[in-house]
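First up is the structure itself, then whatever we jot down about it.
The values are calculated or read from the model by the stated rules, or taken from the named source; none is laboratory data. Here the structure is a predicted model, which means the values were calculated and not measured. For neighbour counting, all protein chains shown are included, and Cβ atoms are generated from backbone atoms with ideal geometry for every residue, glycine included.
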Amino acid sequence: MAIFLANKNASKMSKKDVTYCKESQIGLQIRMAKTLERVRANSSLLNTPLCLLALQIKGSLAEECIQIVREELKIKGINFHFHFWISDDWFCADGIPGIALPFYLFNKEISKLEKERIGFIEGSTKIECLKLIRHEVGHAIDNAYNLRNCQERENLFGRSSLKYPKDYIRKPFSKNYVKHIRENYAQAHPDEDWAETFAVWLDPKSNWKEKYKNWKALEKLNYVDKTMKSIRGKRPLLKNKDTVDEISTLGITLRTYLSRKEKIKSKYKAPIFGKNLSKVFSPGRKNNALSFITLNERELCIRVAKNTNQYHYIVRDVLKELKGECRDKSLTLKMPISQTRETLIQLLSKSTLHYVKQGKNKVIM
(Lines give C-alpha, C1' and ligand atoms only; values in the text may rest on other atoms or scores of the structure.)
Protein backbone atom coordinates (compact mmCIF):
# COMPACT_ATOMS: atom_id res chain seq x y z
CA MET A 1 0.00 0.00 0.00
CA ALA A 2 2.82 2.40 0.92
CA ILE A 3 4.44 1.80 -2.46
CA PHE A 4 1.38 3.16 -4.25
CA LEU A 5 1.09 6.21 -1.97
CA ALA A 6 4.75 7.09 -2.44
CA ASN A 7 4.38 7.08 -6.22
CA LYS A 8 4.52 10.56 -7.80
CA ASN A 9 1.63 9.61 -10.06
CA ALA A 10 -0.53 8.29 -7.24
CA SER A 11 -3.17 10.95 -7.88
CA LYS A 12 -3.45 9.77 -11.49
CA MET A 13 -4.10 6.12 -10.65
CA SER A 14 -6.76 4.47 -12.78
CA LYS A 15 -9.83 2.72 -11.39
CA LYS A 16 -8.12 -0.57 -12.11
CA ASP A 17 -5.06 0.49 -10.06
CA VAL A 18 -7.23 1.64 -7.15
CA THR A 19 -9.17 -1.63 -7.18
CA TYR A 20 -5.90 -3.62 -7.24
CA CYS A 21 -4.58 -1.49 -4.37
CA LYS A 22 -7.68 -2.12 -2.26
CA GLU A 23 -7.61 -5.85 -3.03
CA SER A 24 -3.92 -5.98 -2.05
CA GLN A 25 -4.68 -4.24 1.23
CA ILE A 26 -7.57 -6.61 1.96
CA GLY A 27 -5.35 -9.58 1.11
CA LEU A 28 -2.65 -8.28 3.46
CA GLN A 29 -5.17 -7.80 6.27
CA ILE A 30 -6.48 -11.35 5.78
CA ARG A 31 -2.94 -12.78 5.89
CA MET A 32 -2.11 -10.77 9.02
CA ALA A 33 -5.33 -11.94 10.69
CA LYS A 34 -4.53 -15.57 9.86
CA THR A 35 -0.98 -15.17 11.19
CA LEU A 36 -2.27 -13.63 14.42
CA GLU A 37 -4.84 -16.40 14.73
CA ARG A 38 -2.12 -19.05 14.33
CA VAL A 39 0.12 -17.32 16.91
CA ARG A 40 -2.76 -17.34 19.42
CA ALA A 41 -3.62 -20.95 18.60
CA ASN A 42 0.03 -22.00 18.98
CA SER A 43 0.29 -20.20 22.31
CA SER A 44 -2.73 -22.11 23.57
CA LEU A 45 -1.36 -25.36 22.15
CA LEU A 46 2.08 -24.84 23.71
CA ASN A 47 0.51 -24.42 27.15
CA THR A 48 -1.50 -27.64 26.82
CA PRO A 49 -0.29 -30.70 28.82
CA LEU A 50 0.53 -33.63 26.55
CA CYS A 51 -2.12 -35.74 28.28
CA LEU A 52 -4.84 -33.32 27.11
CA LEU A 53 -3.87 -33.17 23.44
CA ALA A 54 -6.48 -34.35 20.95
CA LEU A 55 -4.72 -37.18 19.11
CA GLN A 56 -5.91 -40.14 17.06
CA ILE A 57 -3.98 -43.00 15.48
CA LYS A 58 -6.91 -44.10 13.29
CA GLY A 59 -6.52 -42.91 9.71
CA SER A 60 -2.93 -41.75 10.24
CA LEU A 61 0.18 -42.54 8.21
CA ALA A 62 1.57 -44.45 11.21
CA GLU A 63 -1.48 -46.74 11.28
CA GLU A 64 -1.04 -47.47 7.57
CA CYS A 65 2.64 -48.29 8.09
CA ILE A 66 1.87 -50.54 11.07
CA GLN A 67 -0.49 -52.58 8.91
CA ILE A 68 2.20 -52.89 6.22
CA VAL A 69 4.80 -54.12 8.74
CA ARG A 70 2.35 -56.60 10.26
CA GLU A 71 1.73 -57.97 6.77
CA GLU A 72 5.51 -58.26 6.21
CA LEU A 73 5.78 -60.33 9.40
CA LYS A 74 2.88 -62.51 8.28
CA ILE A 75 4.53 -63.18 4.91
CA LYS A 76 7.68 -64.25 6.78
CA GLY A 77 5.57 -66.71 8.79
CA ILE A 78 6.10 -64.89 12.09
CA ASN A 79 3.06 -65.03 14.37
CA PHE A 80 3.70 -61.74 16.18
CA HIS A 81 0.92 -59.15 16.52
CA PHE A 82 2.72 -56.32 18.33
CA HIS A 83 0.68 -53.65 20.14
CA PHE A 84 1.37 -49.91 20.05
CA TRP A 85 0.52 -46.69 21.88
CA ILE A 86 1.13 -42.93 21.70
CA SER A 87 3.98 -41.52 23.80
CA ASP A 88 6.58 -38.75 23.55
CA ASP A 89 9.08 -40.57 21.31
CA TRP A 90 9.80 -43.67 19.24
CA PHE A 91 10.85 -46.52 21.55
CA CYS A 92 10.34 -50.07 22.76
CA ALA A 93 10.81 -50.65 26.49
CA ASP A 94 12.53 -53.75 27.88
CA GLY A 95 10.11 -56.55 28.70
CA ILE A 96 7.30 -55.20 26.52
CA PRO A 97 6.41 -56.73 23.11
CA GLY A 98 5.02 -53.46 21.75
CA ILE A 99 6.16 -50.07 20.45
CA ALA A 100 5.60 -46.40 21.32
CA LEU A 101 4.80 -43.80 18.66
CA PRO A 102 5.57 -40.06 19.10
CA PHE A 103 2.51 -37.83 19.57
CA TYR A 104 3.69 -35.17 17.10
CA LEU A 105 2.79 -37.51 14.23
CA PHE A 106 -0.91 -37.24 15.05
CA ASN A 107 -1.57 -33.49 14.93
CA LYS A 108 -0.67 -31.23 11.99
CA GLU A 109 -0.13 -28.08 14.08
CA ILE A 110 2.12 -29.95 16.52
CA SER A 111 4.05 -31.39 13.56
CA LYS A 112 4.61 -27.84 12.27
CA LEU A 113 5.90 -26.71 15.67
CA GLU A 114 8.21 -29.75 15.88
CA LYS A 115 9.60 -28.87 12.45
CA GLU A 116 10.05 -25.18 13.30
CA ARG A 117 11.65 -25.71 16.71
CA ILE A 118 13.60 -28.96 16.28
CA GLY A 119 14.32 -28.81 12.55
CA PHE A 120 12.80 -32.11 11.44
CA ILE A 121 9.94 -34.53 12.13
CA GLU A 122 11.14 -38.08 12.72
CA GLY A 123 8.88 -40.46 10.81
CA SER A 124 6.88 -37.89 8.85
CA THR A 125 7.28 -39.63 5.47
CA LYS A 126 6.03 -43.11 4.61
CA ILE A 127 9.53 -44.43 3.89
CA GLU A 128 10.95 -43.12 7.17
CA CYS A 129 7.91 -44.19 9.19
CA LEU A 130 8.19 -47.74 7.86
CA LYS A 131 11.90 -47.83 8.68
CA LEU A 132 11.31 -46.69 12.26
CA ILE A 133 8.44 -49.13 12.85
CA ARG A 134 10.49 -52.06 11.50
CA HIS A 135 13.34 -50.98 13.79
CA GLU A 136 11.15 -50.80 16.91
CA VAL A 137 9.49 -54.10 16.02
CA GLY A 138 13.01 -55.56 16.01
CA HIS A 139 13.24 -54.65 19.71
CA ALA A 140 9.68 -55.82 20.41
CA ILE A 141 10.19 -59.25 18.82
CA ASP A 142 13.45 -59.53 20.76
CA ASN A 143 11.41 -59.09 23.97
CA ALA A 144 8.52 -61.30 22.85
CA TYR A 145 10.66 -64.35 22.05
CA ASN A 146 13.50 -63.72 24.55
CA LEU A 147 16.14 -63.79 21.81
CA ARG A 148 19.01 -62.09 23.67
CA ASN A 149 20.31 -65.08 25.61
CA CYS A 150 22.47 -66.57 22.88
CA GLN A 151 26.26 -66.71 22.77
CA GLU A 152 26.37 -66.63 18.97
CA ARG A 153 24.37 -63.41 18.95
CA GLU A 154 26.63 -61.87 21.59
CA ASN A 155 29.69 -62.80 19.53
CA LEU A 156 28.22 -61.07 16.46
CA PHE A 157 26.46 -58.03 17.94
CA GLY A 158 28.04 -57.54 21.36
CA ARG A 159 26.58 -57.67 24.87
CA SER A 160 23.02 -56.39 25.35
CA SER A 161 23.88 -55.62 28.97
CA LEU A 162 26.24 -52.80 27.95
CA LYS A 163 25.08 -49.44 29.32
CA TYR A 164 23.41 -47.23 26.73
CA PRO A 165 25.57 -44.20 25.88
CA LYS A 166 24.21 -40.63 25.78
CA ASP A 167 25.86 -40.25 22.39
CA TYR A 168 28.20 -42.03 20.00
CA ILE A 169 30.68 -41.32 17.21
CA ARG A 170 29.53 -42.79 13.92
CA LYS A 171 31.77 -44.49 11.36
CA PRO A 172 29.92 -43.95 8.07
CA PHE A 173 32.16 -46.21 5.99
CA SER A 174 32.18 -49.23 8.31
CA LYS A 175 31.00 -52.48 6.69
CA ASN A 176 30.42 -54.12 10.06
CA TYR A 177 26.94 -52.61 10.29
CA VAL A 178 23.88 -52.27 8.08
CA LYS A 179 22.83 -48.82 6.90
CA HIS A 180 19.19 -48.20 7.68
CA ILE A 181 17.91 -45.19 9.64
CA ARG A 182 20.08 -42.09 9.64
CA GLU A 183 23.29 -41.39 11.55
CA ASN A 184 24.52 -45.01 11.28
CA TYR A 185 22.33 -45.84 14.26
CA ALA A 186 23.30 -49.52 14.27
CA GLN A 187 26.65 -48.42 15.72
CA ALA A 188 25.10 -46.90 18.86
CA HIS A 189 24.64 -50.09 20.92
CA PRO A 190 24.49 -53.89 20.36
CA ASP A 191 20.69 -53.88 20.76
CA GLU A 192 20.34 -51.08 18.19
CA ASP A 193 22.59 -53.09 15.87
CA TRP A 194 20.20 -56.02 16.28
CA ALA A 195 17.09 -53.88 15.65
CA GLU A 196 18.62 -52.23 12.58
CA THR A 197 19.76 -55.57 11.16
CA PHE A 198 16.29 -57.02 11.75
CA ALA A 199 14.68 -54.02 10.01
CA VAL A 200 16.83 -54.49 6.91
CA TRP A 201 16.07 -58.23 6.92
CA LEU A 202 12.31 -57.58 7.18
CA ASP A 203 12.16 -54.94 4.43
CA PRO A 204 11.02 -56.79 1.26
CA LYS A 205 12.82 -54.24 -0.92
CA SER A 206 16.20 -54.29 0.86
CA ASN A 207 17.81 -56.99 -1.33
CA TRP A 208 20.12 -57.56 1.63
CA LYS A 209 21.87 -60.70 0.34
CA GLU A 210 23.18 -58.78 -2.65
CA LYS A 211 23.58 -55.31 -1.12
CA TYR A 212 25.67 -56.54 1.82
CA LYS A 213 27.64 -59.14 -0.09
CA ASN A 214 31.27 -59.18 1.17
CA TRP A 215 30.29 -57.04 4.19
CA LYS A 216 30.87 -58.21 7.77
CA ALA A 217 27.24 -57.12 8.37
CA LEU A 218 26.08 -60.03 6.18
CA GLU A 219 26.97 -62.46 8.99
CA LYS A 220 24.55 -60.59 11.24
CA LEU A 221 21.83 -60.62 8.59
CA ASN A 222 22.26 -64.36 8.10
CA TYR A 223 22.01 -64.83 11.87
CA VAL A 224 18.75 -62.83 11.98
CA ASP A 225 17.45 -64.90 9.06
CA LYS A 226 18.29 -68.14 10.88
CA THR A 227 16.76 -66.89 14.15
CA MET A 228 13.52 -65.78 12.50
CA LYS A 229 13.18 -69.15 10.77
CA SER A 230 13.52 -70.83 14.18
CA ILE A 231 10.50 -68.94 15.59
CA ARG A 232 8.35 -69.22 12.45
CA GLY A 233 4.82 -70.31 13.34
CA LYS A 234 5.57 -70.17 17.10
CA ARG A 235 3.65 -68.09 19.62
CA PRO A 236 5.50 -65.38 21.55
CA LEU A 237 6.69 -66.23 25.07
CA LEU A 238 5.79 -62.73 26.25
CA LYS A 239 2.23 -61.57 25.55
CA ASN A 240 1.62 -58.61 27.87
CA LYS A 241 0.02 -55.41 26.57
CA ASP A 242 1.88 -53.12 28.96
CA THR A 243 2.79 -49.54 28.02
CA VAL A 244 5.38 -47.04 29.25
CA ASP A 245 4.86 -43.26 29.33
CA GLU A 246 1.51 -43.55 27.58
CA ILE A 247 0.42 -40.06 26.47
CA SER A 248 -2.47 -39.91 28.98
CA THR A 249 0.07 -40.11 31.83
CA LEU A 250 2.32 -37.25 30.66
CA GLY A 251 1.56 -33.97 32.44
CA ILE A 252 4.28 -31.75 30.95
CA THR A 253 3.17 -29.08 28.50
CA LEU A 254 4.07 -29.06 24.83
CA ARG A 255 6.15 -25.94 25.52
CA THR A 256 8.25 -27.75 28.13
CA TYR A 257 8.67 -30.79 25.88
CA LEU A 258 9.98 -28.66 22.98
CA SER A 259 12.22 -26.56 25.26
CA ARG A 260 13.89 -29.68 26.67
CA LYS A 261 14.44 -31.04 23.18
CA GLU A 262 15.89 -27.73 21.98
CA LYS A 263 18.27 -27.63 24.95
CA ILE A 264 19.68 -31.07 24.12
CA LYS A 265 19.98 -30.16 20.45
CA SER A 266 21.76 -26.85 21.15
CA LYS A 267 24.41 -28.62 23.24
CA TYR A 268 25.57 -30.54 20.18
CA LYS A 269 24.77 -28.01 17.47
CA ALA A 270 26.09 -24.75 18.93
CA PRO A 271 27.83 -22.38 16.45
CA ILE A 272 31.42 -23.44 15.73
CA PHE A 273 32.67 -20.46 13.72
CA GLY A 274 31.54 -17.41 15.68
CA LYS A 275 33.18 -14.09 14.85
CA ASN A 276 36.04 -15.81 12.99
CA LEU A 277 33.79 -16.07 9.95
CA SER A 278 33.99 -12.30 9.45
CA LYS A 279 37.72 -12.67 8.69
CA VAL A 280 36.86 -14.45 5.45
CA PHE A 281 33.35 -13.41 4.47
CA SER A 282 31.02 -10.45 4.84
CA PRO A 283 27.29 -9.92 4.24
CA GLY A 284 26.57 -8.91 0.67
CA ARG A 285 24.22 -9.14 -2.27
CA LYS A 286 26.49 -11.38 -4.34
CA ASN A 287 26.12 -14.31 -1.91
CA ASN A 288 29.09 -16.01 -3.62
CA ALA A 289 30.65 -17.58 -0.50
CA LEU A 290 28.46 -20.67 -0.84
CA SER A 291 29.42 -21.10 -4.50
CA PHE A 292 33.11 -20.71 -3.65
CA ILE A 293 32.96 -23.40 -0.94
CA THR A 294 30.98 -25.79 -3.15
CA LEU A 295 33.44 -25.33 -6.02
CA ASN A 296 36.48 -25.88 -3.78
CA GLU A 297 34.95 -28.41 -1.38
CA ARG A 298 37.13 -31.37 -2.40
CA GLU A 299 40.42 -29.45 -2.01
CA LEU A 300 39.27 -27.87 1.27
CA CYS A 301 38.31 -31.28 2.66
CA ILE A 302 41.61 -32.95 1.69
CA ARG A 303 43.82 -30.18 3.07
CA VAL A 304 41.89 -29.67 6.32
CA ALA A 305 41.77 -33.44 6.97
CA LYS A 306 45.55 -33.55 6.50
CA ASN A 307 46.11 -30.52 8.76
CA THR A 308 43.95 -31.87 11.57
CA ASN A 309 44.49 -35.64 11.17
CA GLN A 310 40.69 -36.08 11.18
CA TYR A 311 38.49 -38.25 8.97
CA HIS A 312 37.17 -36.67 5.78
CA TYR A 313 33.56 -37.22 6.86
CA ILE A 314 34.14 -35.08 9.98
CA VAL A 315 35.56 -32.25 7.86
CA ARG A 316 32.56 -32.59 5.54
CA ASP A 317 30.25 -32.19 8.55
CA VAL A 318 32.04 -28.94 9.43
CA LEU A 319 31.83 -27.79 5.80
CA LYS A 320 28.11 -28.55 5.83
CA GLU A 321 27.70 -26.27 8.87
CA LEU A 322 29.72 -23.56 7.12
CA LYS A 323 27.66 -23.79 3.93
CA GLY A 324 24.51 -23.45 5.99
CA GLU A 325 25.79 -20.25 7.61
CA CYS A 326 26.84 -18.82 4.24
CA ARG A 327 23.39 -19.57 2.84
CA ASP A 328 21.47 -18.19 5.84
CA LYS A 329 23.55 -15.00 6.14
CA SER A 330 24.03 -14.38 2.38
CA LEU A 331 27.80 -14.13 2.80
CA THR A 332 30.20 -12.99 0.10
CA LEU A 333 34.00 -13.04 -0.39
CA LYS A 334 35.92 -10.08 1.02
CA MET A 335 39.41 -11.02 -0.25
CA PRO A 336 41.00 -12.27 -3.49
CA ILE A 337 40.21 -15.93 -4.23
CA SER A 338 43.71 -17.30 -3.51
CA GLN A 339 43.88 -15.46 -0.18
CA THR A 340 40.35 -16.56 0.69
CA ARG A 341 41.24 -20.20 0.09
CA GLU A 342 44.29 -20.16 2.40
CA THR A 343 42.55 -18.15 5.14
CA LEU A 344 39.51 -20.43 4.96
CA ILE A 345 41.69 -23.55 5.30
CA GLN A 346 43.18 -22.10 8.49
CA LEU A 347 39.72 -21.27 9.83
CA LEU A 348 38.33 -24.70 8.93
CA SER A 349 41.30 -26.50 10.50
CA LYS A 350 40.84 -24.61 13.76
CA SER A 351 37.05 -25.07 13.68
CA THR A 352 37.33 -28.82 12.95
CA LEU A 353 39.57 -29.41 15.96
CA HIS A 354 37.19 -27.36 18.12
CA TYR A 355 34.24 -29.32 16.67
CA VAL A 356 35.79 -32.63 17.75
CA LYS A 357 37.06 -31.33 21.12
CA GLN A 358 33.58 -30.07 22.03
CA GLY A 359 32.04 -33.41 21.04
CA LYS A 360 29.91 -31.92 18.29
CA ASN A 361 30.84 -34.83 16.03
CA LYS A 362 28.85 -37.12 18.33
CA VAL A 363 25.32 -38.29 17.57
CA ILE A 364 22.73 -37.77 20.32
CA MET A 365 20.94 -40.92 21.49
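Brief remarks follow.
- Qualifying residue in region 164-176 (condition: free of Cβ contacts under 8 Å to residues at least 24 places away in the same chain and either in the same structural domain as I78 (by TED's automatic domain parsing) or not polar (S, T, N, Q) (or both)): yes
- Residue in region 315-365 that is farthest from A289 (Cα to Cα), counting only those that are of a type in the set (D, E) and under 28 Å from the mean Cα position of the chain (by Cα): D317
- Filtered by the rule that a residue be more than 24 Å from the chain's Cα centre (by Cα), modelled with pLDDT under 95 and not in a helix (DSSP H, G or I), region 35-57 gives a lone residue, A54.
- Screening D94, D17 for residues that are at pLDDT below 60 and either more than 30 Å from M365 (Cα to Cα) or part of a loop (DSSP other than H, G, I, E, B) (or both) leaves exactly one candidate, D17.
- Note on region 153-163: residues that are in a loop (DSSP other than H, G, I, E, B), touching a residue at least 24 places away in the same chain (Cβ under 8 Å) and either more than 25 Å from the chain's Cα centre (by Cα) or surrounded by fewer than 14 Cβ atoms within 10 Å (Cβ to Cβ) (or both) total 3.
- When V69 is tested against (1) touching a residue at least 60 places away in the same chain (Cβ under 8 Å); (2) out of contact with any Ser or Thr (no Cβ under 9 Å at 6 or more places or on another chain); (3) part of a loop (DSSP other than H, G, I, E, B); (4) under 27 Å from K226 (Cβ atoms), only condition (3) is not met.
- Search result, residues across region 300-326 that are over 15 Å from N361 (Cα atoms) and touching a residue at least 40 places away in the same chain (Cβ under 8 Å): L300, R303, V304, N307, E325, C326
- Scanning region 117-152 for residues that are of a type in the set (F, W, Y) and surrounded by 14 or more Cβ atoms within 10 Å (Cβ to Cβ) returns a single hit, Y145.
- Search result, residues across region 250-264 that are over 12 Å from E114 (Cα atoms), among the aliphatic types (A, V, I, L, M) and either over 17 Å from the mean Cα position of the chain (by Cα) or in the same structural domain as Y104 (by TED's automatic domain parsing) (or both): L250, I252
- Test for E297: is it touching a residue at least 24 places away in the same chain (Cβ under 8 Å) and touching a helix residue (DSSP H, G or I) at 6+ places or on another chain (Cβ under 9 Å): no
- In the set S291, S278, S282, only one residue is exposed (fewer than 13 other Cβ atoms within 10 Å of the Cβ), assigned by TED's automatic domain parsing to the domain that holds S349 and more than 21 Å from N361 (Cα to Cα); that residue is S278.
- Residues of region 224-243 satisfying the condition of being part of a loop (DSSP other than H, G, I, E, B) and either hydroxyl-bearing (S, T, Y) or in contact with a strand residue (DSSP E or B) (Cβ under 7 Å, 6 or more places away or on another chain) (or both): K241, T243
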